[in-house]
Amino acid sequence: MTILLQIIIGFAILGILVVIHELGHFLMAKAWHIRVLAFSIGFGKPLLKKTIGETEYRFSSIPFGGYVQMAGEHPEEDTVIGPGDFNSKPTWQRALVAIAGPFANFFFALVFLLVMFLIGVDKPVFLKRPIVGAVADSSVAKNAGFFPGDSIIAINNHCIGSWEDVQSILGSQSKGYKVIYFRATRKDSIDLVMPRIFGRGLPRQPAGGLLPAYPAVVGAITEGSPAQKAGIHVNDGIVSINGQRIYSWPQLSVIIMHYDSLSGPFRFVVRRADSLVTAAVVPEFKRDAKRYLIGIAPQTPPTERVRYPIEQAVPRTFQKSWEYTTMIFDVIGKLISKQVPAQQLAGPVGIVQMSGLVAMGGLSPVLDFMALIGINLAVLNVMPLVITDGGLLLFLLIETIRRKPLSVKRQMMINRIAIAFFIFLFLFVTYNDINRIPELLKLVK
């Protein structure tokens, strides 16, 4: 039921963004008195429809997305251009109609981000500090020499103030990073060379194997487990194991997983209220899990809602929108340079999958994700990709230069080639998305 709900929410989010895009075209067409034959919310057979003026408003059977149908919009439809037809208007008016869809997506993305900053974002407290909580085995970070407890100061000359900064920079998929960190009493640096991404799956080490300091606090204990027998209590914070300081729950899990039965019990030091308590714990090997366990589960870490006043929310909105806009060109550049393989491209199915997952995090993550996808739609739609709004703008530019439009026959030929390309691209990214479904399902469990 949870997965079904996520799919429905994902389609709804994508549908809202498409409707916003088409609404931009619709309002601008109306502003220039272009005859709009139909404005539909959804696709397929109309379930409800009502004609107001010259426009039929529809609510269709597939309620995800929508479309605008303008008179004379496609050159193959009419041989004679009538008054009020799209192609009867000056090129600059048609250009404004074309750009209105991407503009609407970008404008509403700004609105989503502004609302997100105003209502606040729930952030785990432990992410405020850029402390390495654990280093994944066989990762590039492990091989480079990182250890739990390292404090990240800067990456590629960017000052680091939180773990979110670490994730953002290391998630940019650059070839390498110069990481300045503080360990114990000294400051040093490490060159982190990231592995190339292959295949269609999710990145195995999205931050090079560095994990945040997720609190090692006991949230639940299995009845009759080694932890219960040793006297471990709920709300105990694990301070150290056999003298090794514990910085995070992942670090704790790795130590338990690598338990050697010949070495005797683990010596746990836990913080209970205002005192330290020692416990001897002997892990048990569980055949179903294929690893040693002691029967504890982590506590949900505390969060705090970070709200911003309007004078701070506005500049943060523009900063975040600029970050999302430039991110697209960065990804395109890395696709061209083959730093990122084409198999990592995602399409509508992938967007629906991720939308559903994000929706489980609450309103603020949904607004953030809708802003990201909205800006993606806006930027990609103004690119001269023929059947996009940017393609129409390109045709209008050619018409302005030539002082006459391309022939209907030539436009139809170019459009058919472009449609064939986009069908191939859609099938390709959908194949990528389907291959990622098993891995995304694991994130839900």
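The values are calculated or read from the model by the stated rules, or taken from the named source; none is laboratory data. Keep in mind the model is a prediction, meaning the values are calculated, not measured. Reconstructed Cβ throughout: ideal geometry from the backbone, glycine too, with neighbour counts over all protein chains shown.
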(request) Please enumerate the residues belonging to segment 39-65 that are modelled with pLDDT of 80 or more and small (Gly, Ala, Ser). (result) Ser40, Gly42, Gly44, Gly53, Ser60, Ser61
(request) Within segment 264-319, work out how many residues are in a loop (DSSP other than H, G, I, E, B), without any contact (Cβ under 8 Å) to a residue 40 or more places away in the chain and small (Gly, Ala, Ser). (result) 3
(message) For segment 74-89, check the following and say yes or no: at least one residue is in contact (Cβ under 8 Å) with a residue 12 or more places away in the chain, part of a helix (DSSP H, G or I) and outside the structural domain of Phe26 (by TED's automatic domain parsing).
(response) no
(message) Here is a check on your reading of the model: is Val314 more than 26 Å from Ile119 (Cβ to Cβ) and either at pLDDT below 90 or out of contact with any Pro (no Cβ under 7 Å at 6 or more places or on another chain) (or both)?
(response) no
(message) Being touching a residue at least 24 places away in the same chain (Cβ under 8 Å), in contact with a strand residue (DSSP E or B) (Cβ under 6 Å, 6 or more places away or on another chain) and part of a loop (DSSP other than H, G, I, E, B): is that true of Ile41 here?
(response) no
(request) Restrict the check to segment 17-24 and report whether at least one residue is outside any helix (DSSP H, G or I) and surrounded by 22 or more Cβ atoms within 10 Å (Cβ to Cβ). (result) no
(message) Between Gly264, Gly295, Gly224, which is more than 24 Å from Lys128 (Cβ to Cβ), touching a Pro at 6+ places or on another chain (Cβ under 8 Å) and of a type in the set (Gly, Ala, Ser)?
(response) Gly295
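Residue by residue, here is whether (1) modelled with pLDDT under 90; (2) outside any loop (DSSP other than H, G, I, E, B); (3) not hydrophobic (A, V, I, L, M, F, W, C) holds:
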site: Val132; (1), (2), (3): no, yes, no
site: Ser138; (1), (2), (3): yes, no, yes
site: Phe146; (1), (2), (3): no, no, no
site: Gly149; (1), (2), (3): no, no, yes
site: Val179; (1), (2), (3): no, yes, no
